[in-house]
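Data block below; observations after.
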Amino acid sequence: MGRKLFILLVILMSLSLIGIIFVQIYFIDNSLSNEEKQFTLNVRRSLSKVSSLVEDKEFKLYTNKYQELLSSGKNPDTTNIRGILLYSYDDISNETTVYQNGILEESFKVPSLFFDIGGLDSLNISRISNQKEIRVFKKSTFDNEVHITPEKTVMQYNTMDEFGKRLFESTYRDLFRNYPIYKRVSAGEISSYLSKQFNENGIDIDFEFAIYDKDLATKVQSNNFELDPVTTMGVPMFLDNKNESNFILYVDFPERKKFLWSSILTMTVLSIVFTLVIILAYTNAIYQIIKQRQISQIKTDFINNMTHEFKTPIATISLALDAMKNPKMINDKEKIDRYLKMIKDENKRMHAQVENVLRISKLERNELNISKDRLKLHDLIEDAVSHVELIVEDRKGYVKCHLNAEKSSVLANETHFTNVLVNILDNAIKYSDDAPRIDVTTENVGNNIILKIADHGNGMTKQVQKKVFEKFYREHTGNVHNVKGHGLGLAYVKQMVEDHQGHVSVESEKGKGSTFIIKLPLIS
């Protein structure tokens, strides 16, 4: 995959992921908004129902008192009759029809204490009824006289319930308009009505309420009510004949936000979980793709390096064999021995390179059997230094040991841990353009021994330090063959130190050298 195509795919995938996240956020926000609208609608519906129930209860109470008064048999104080009288004559049937329709209004004056309305001595209560009467008189054809006794009489009497109800309701509203609210309804009644209505509308949370009279709190309220212009909702109560009222029933929900979120909690959690899964999967996919590209590049460099490293000894062996075939060389034992030694050395070199690759592969698969014994780390250090001492002296350098640790007993494999130290020392030599100057220091920290191998060579950048222990990794310097190797030495070092329950790290600055730090647990 080309670099440009890879970048394009990453950009498109990232934009798609961001789009999915924004869609999820919009969906959750929209769901919360819808829940809030539905919640507000249900609350207002409940409040309206409570207001209606309270008014109906009060009206029914005083209507019953009114009916009791009228049915008590008390004579009216005043009576007023209004009516219509119509006459009609039919020539064919010789009948005269008299139609009478009257409205009877009876007024009763009663003490105001009957209705418990303060400030008034008495009230005038009216009863309105309707009386209809139809009489038919027949005229005789023989004597041309009218019979006084009607042939047929139809009478109908109605108490005009609907009209009386409307009239009483209008009067009731006018009379009780300024009546104290605490005498009309109690806080307990309001709380009971609200609880029932809220439960019927699916609102199962705590609430606080209060009835206000012209923006002033009344006695009818819960203990912890606080008026909040943003969250408090209210409806008017006890409307007058102009559909106006001084009383407003307010309700507030202290845990409103929590209740709204709980209604979409499952959906929100699932949405977040699935989104996180997508993000993790996407991040891992991008990481794996980048990692594979890096590994591909590193393996390409490794193959090129390995090919170059094998090419030189193969060519050397080939030339040595050709030289030995020369008839003039057959009797020259000294040159024959020299060429044979050259062939053997180059063969050992190729064998060591192959062993390095196999060894790191076995170590990763836990197939490398490592037996550990009680050893002195200082002895291992001196043995490793002896392996590279001649090379360092040949380049006019030095390796100085500062073995300051009083305790150096560790549980380690002599061969493998010596190889670890040789690898680090070998790198210090190879990456020093001038004469190698290496300092080896040990010290005790707690129950551990700290080993530091410092050089004054080329050093590394921060980016290289992060990858220096990766398998096959080698720093690009323009010419990949200026320092021989395959990028396996430090990977082997890291694997082996960790297998010894230790830790290895590097501190370096470009142009000033590197310090490799190994921390191992001591044994008593």
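Would you check if ALA210 is part of a strand (DSSP E or B), at pLDDT 90 or above and either more than 50 Å from the chain's Cα centre (by Cα) or among the small types (Gly, Ala, Ser) (or both)?
Working: part of a strand (DSSP E or B): yes; at pLDDT 90 or above: yes; either more than 50 Å from the chain's Cα centre (by Cα) or among the small types (Gly, Ala, Ser) (or both): yes.
Answer is yes for this residue.
Annotation note: of GLU406, GLU367, the sole residue that is charged (D, E, K, R), open to solvent by 90 Å² or more (accessible area, probe 1.4 Å), at pLDDT below 80 and assigned to a loop (DSSP other than H, G, I, E, B) is GLU367. Within this structure, LYS467 passes the test of being of a type in the set (Lys, Arg), at pLDDT below 85 and in contact with a Phe, Trp or Tyr (Cβ under 9 Å, 6 or more places away or on another chain). In this structure, does VAL483 turn out to be modelled with pLDDT under 90, assigned to a loop (DSSP other than H, G, I, E, B) and aliphatic (A, V, I, L, M)? Spelling it out, VAL483 is indeed modelled with pLDDT under 90, assigned to a loop (DSSP other than H, G, I, E, B) and aliphatic (A, V, I, L, M). Put simply, of ASP373, ASP379 the only residue that is closer than 30 Å to TYR398 by Cβ, open to solvent by 60 Å² or more (accessible area, probe 1.4 Å) and at pLDDT 75 or above is ASP379.
Screening HIS456 with (1) open to solvent by less than 40 Å² (accessible area, probe 1.4 Å); (2) at pLDDT 80 or above gives one miss only, at (1). Among the residues making up region 418-451, none is among the acidic types (Asp, Glu) and surrounded by 20 or more Cβ atoms within 10 Å (Cβ to Cβ). At pLDDT 90 or above and of a type in the set (Val, Ile, Thr): is that true of ILE449 in this structure? Yes; evaluated as a whole, the condition is true for this residue. The set of residues from region 1-41 being of a type in the set (A, V, I, L, M) and more than 27 Å from ALA281 (Cα to Cα) comprises LEU32, LEU41. If the condition is being touching a strand residue (DSSP E or B) at 6+ places or on another chain (Cβ under 8 Å), in contact (Cβ under 8 Å) with a residue 24 or more places away in the chain and assigned to a strand (DSSP E or B), then region 213-246 contributes ASP213, THR218, VAL220, GLN221, MET233, GLY234, VAL235, PRO236, MET237. Just give me the residues in region 236-281 being open to solvent by less than 40 Å² (accessible area, probe 1.4 Å), more than 17 Å from LEU47 (Cβ to Cβ), more than 14 Å from the chain's Cα centre (by Cα) and not acidic (Asp, Glu), in sequence order. Correct list: LEU260 only. In region 214-226, which residue that is closer than 23 Å to GLU55 by Cβ and modelled with pLDDT of 85 or more is most open to solvent (accessible area, probe 1.4 Å)? Among those that are closer than 23 Å to GLU55 by Cβ and modelled with pLDDT of 85 or more, it is LYS219.
Being within 30 Å of LEU32 (Cβ to Cβ) and either without any contact (Cβ under 8 Å) to a residue 40 or more places away in the chain or in contact with an Asp or Glu (Cβ under 6 Å, 6 or more places away or on another chain) (or both) is true for just one of LEU194, LEU249, LEU280. Which residue is that?
From the options LEU194, LEU249, LEU280, the qualifying one is LEU280.
Cβ separations smaller than 7 Å between residues 6+ apart or across chains give the following pairs from region 89-104 residues that are farther than 11 Å from LYS138 by Cα and aromatic (Phe, Trp, Tyr) to residues that are open to solvent by 60 Å² or more (accessible area, probe 1.4 Å) and modelled with pLDDT of 70 or more: TYR99/ILE134.
Taking the criterion of being surrounded by 14 or more Cβ atoms within 10 Å (Cβ to Cβ), more than 56 Å from the chain's Cα centre (by Cα) and hydrophobic (A, V, I, L, M, F, W, C), the residues of region 382-403 that qualify are ALA384, VAL385, VAL388, ILE391, VAL392, VAL399, CYS401.
Residues in region 177-193 that are more than 12 Å from SER222 (Cα to Cα), assigned to a helix (DSSP H, G or I) and open to solvent by less than 50 Å² (accessible area, probe 1.4 Å): ILE181 only.
The values are calculated or read from the model by the stated rules, or taken from the named source; none is laboratory data. On a predicted model such as this, the values are computed, not experimentally measured, just so you know. Cβ atoms come from the backbone with ideal geometry, glycine included; neighbour counts cover every protein chain shown. Surface accessibility is based on the protein's heavy atoms, side chains included, excluding ligands, DNA and RNA. Shrake-Rupley method; radii C 1.70, N 1.55, O 1.52, S 1.80 Å.
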